[in-house]
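> Right, I'll just put the structure down here and ask away after.
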Amino acid sequence: MTRTFSRFVLAILRTGALGYVILFSGLGLAQQVVTARATIPFNFWAQDHKFQAGGYVFDNEVPGSATIHREGTNSSIGVSIILYAVPGEKENPRVTFVRRDGKYCLVELWGVQDRHVVTAEFEQRGEASEQQRQVPLTIVESHDE
């Protein structure tokens, strides 16, 4: 029984040590927080929420998500995003929409140095089609956090 107990305690200590390494290894990595504006000239959908055409602010202050805020209102919606590409050269920031069932759906957010895909759209990342529309983003603020 003592031997089994010792193995159990050792397994817990190893798991704890691994968790500690994973938790604190990411602390040295700074996240770049970007706030950008876009004027979307059409109605669009993001994670089952309909947005009216107009001016919007996008930011990624919370890791793994982007906040979409309509200018002139107090409400915002968060959408889950995943980093899927870091291009070799800088690109023009933009948002990408794909037309499905008569609706434009938000699928990607491209920053100057990275590309994020809306989590629900991960399988279609990077695809180009005739049904796609891209709208430029204007960077308002960018800083490391």
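Readers should treat all values here as calculations from the given coordinates under stated rules, not as data from a laboratory. Since this is a predicted model, take the numbers as computed values, not measurements. Glycine gets a Cβ as well: all are built from the backbone with ideal geometry, and neighbour counts include every protein chain shown.
> For R100 and A120, calculate 0.36 nm times their separation in residues minus their Cα-Cα distance, and state this gained length in nm to one decimal.
5.8 nm
> Taking a virtual spin label 7 Å from the Cα of S129 along the C-beta vector, which residues in the range 32-69 bring their backbone nitrogen under 17 Å of it?
Answer for this model: 44-48.
> Here's another thing I want to ask about it. The range 66-140: which chymotrypsin sites (Phe, Trp or Tyr not before Pro) are DSSP loop and have at most 13 other beta-carbon atoms within 10 angstrom? Walk me through the numbers before you get to the answer.
Values: sites: Y84, F97, Y104, W110, F122; in loops: none.
Hits after loop and neighbour filter: nothing returned.
> What does the convex hull of the Cα atoms of the range 76-124 come to per residue, in Å³, rounded to a whole number?
Enclosed volume per residue, from the Cα hull, is 90 Å³.
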